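A.B. asks: Mind having a look at this structure? Questions to follow.
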Amino acid sequence: MKRINLFMGGIFTAVGVVFVVVGLLTALLLRVPLLLLFALFGLPFLLLGIGFLRRDAKEKQDDAWLQENGSRIYADFVAVQFNTSVRVNGRCPLIIQCQAVNPADGKVYLFESKNFWFDPEPFLQDRPKIPVLVDRSDYHRYLVLTEGILPEEG
């Protein structure tokens, strides 16, 4: 998903910058205020592209914070499910679901991994527990650790 955000953010930002710069320059050089509409047309593209890039940067920042400050817990493996909110070429990626009880409030939390385009279940047969980094003050902020458990995608 991160590559998609980066790719879409780059394209939308580039298109937005081109429209805004060309619109502003032609409006100023030719002294035709109507050409400012050309720049105005590029503004939504620019803002959308910046939004994609910002989302990608935020995900990286959250992952880095959890790697540095998160508490490692071991959650029980539940299942491998299709992530039906994402579809590429008619295929949905798979996610690993695991759950753990927060000792502070006694509630059960369900954790979902990043997307996989291969079936990770054969690699999880001998692993009843999956490591998860959590923010102790907010269990909704987490990172399921799959490095070292699953092979890298080719």
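A.B. asks: Exactly one condition in (1) touching a strand residue (DSSP E or B) at 6+ places or on another chain (Cβ under 7 Å); (2) open to solvent by less than 100 Å² (accessible area, probe 1.4 Å); (3) in contact (Cβ under 8 Å) with a residue 24 or more places away in the chain is false for residue 86; which is it?
C.D. replies: Of the numbered conditions (1) touching a strand residue (DSSP E or B) at 6+ places or on another chain (Cβ under 7 Å); (2) open to solvent by less than 100 Å² (accessible area, probe 1.4 Å); (3) in contact (Cβ under 8 Å) with a residue 24 or more places away in the chain, the odd one out for residue 86 is (1).
A.B. asks: Do you know which residues across the stretch 52-68 are over 15 Å from residue 140 (Cα atoms) and either exposed (fewer than 15 other Cβ atoms within 10 Å of the Cβ) or among the aliphatic types (A, V, I, L, M) (or both)?
C.D. replies: 53, 54, 57, 58, 60, 61, 64, 67, 68
A.B. asks: Output the residue which, of all residues in the stretch 103-116 that are under 14 Å from residue 146 (Cα atoms) and not small (Gly, Ala, Ser), is least open to solvent (accessible area, probe 1.4 Å).
C.D. replies: Among those that are under 14 Å from residue 146 (Cα atoms) and not small (Gly, Ala, Ser), it is 111.
A.B. asks: I've got another one for you. Please identify the pairs in which a residue from the stretch 106-125 that is under 10 Å from residue 93 (Cβ atoms) has its Cβ atom under 9 Å from the Cβ atom of a residue that is open to solvent by 70 Å² or more (accessible area, probe 1.4 Å) and part of a loop (DSSP other than H, G, I, E, B), counting only partners at least 6 apart or on another chain.
C.D. replies: 114/1; 115/1; 116/153; 117/153; 118/153; 118/154
A.B. asks: While we're looking at this one, here's another question. Here are the criteria: (1) touching a Leu at 6+ places or on another chain (Cβ under 8 Å); (2) at pLDDT 95 or above. Tell me which single one residue 52 does not satisfy.
C.D. replies: The failed condition is (2).
A.B. asks: Go through 91, 136 for me and flag whichever is out of contact with any helix residue (DSSP H, G or I) (no Cβ under 7 Å at 6 or more places or on another chain), among the charged types (D, E, K, R), under 15 Å from residue 66 (Cα atoms) and touching a residue at least 12 places away in the same chain (Cβ under 8 Å).
C.D. replies: 136
A.B. asks: Which residue is farthest from residue 143 (Cα to Cα), if the candidates are limited to the stretch 8-37 and must be open to solvent by 90 Å² or more (accessible area, probe 1.4 Å) and in a helix (DSSP H, G or I)?
C.D. replies: 30
A.B. asks: Next question. I need every pair where a residue in the stretch 33-56 that is more than 9 Å from residue 23 (Cα to Cα) has its Cβ under 9 Å from the Cβ of a residue that is open to solvent by 70 Å² or more (accessible area, probe 1.4 Å) and aromatic (Phe, Trp, Tyr), sequence separation at least 6 or different chains.
C.D. replies: 52/7
The values are calculated or read from the model by the stated rules, or taken from the named source; none is laboratory data. Given the structure is predicted, the values throughout are model-derived calculations rather than measurements. Using ideal geometry, Cβ is built from the backbone for each residue, glycine included, and neighbour counts are taken over all protein chains shown. Accessible surface areas use protein heavy atoms only, side chains included; no ligands, DNA or RNA. Shrake-Rupley method; radii C 1.70, N 1.55, O 1.52, S 1.80 Å.
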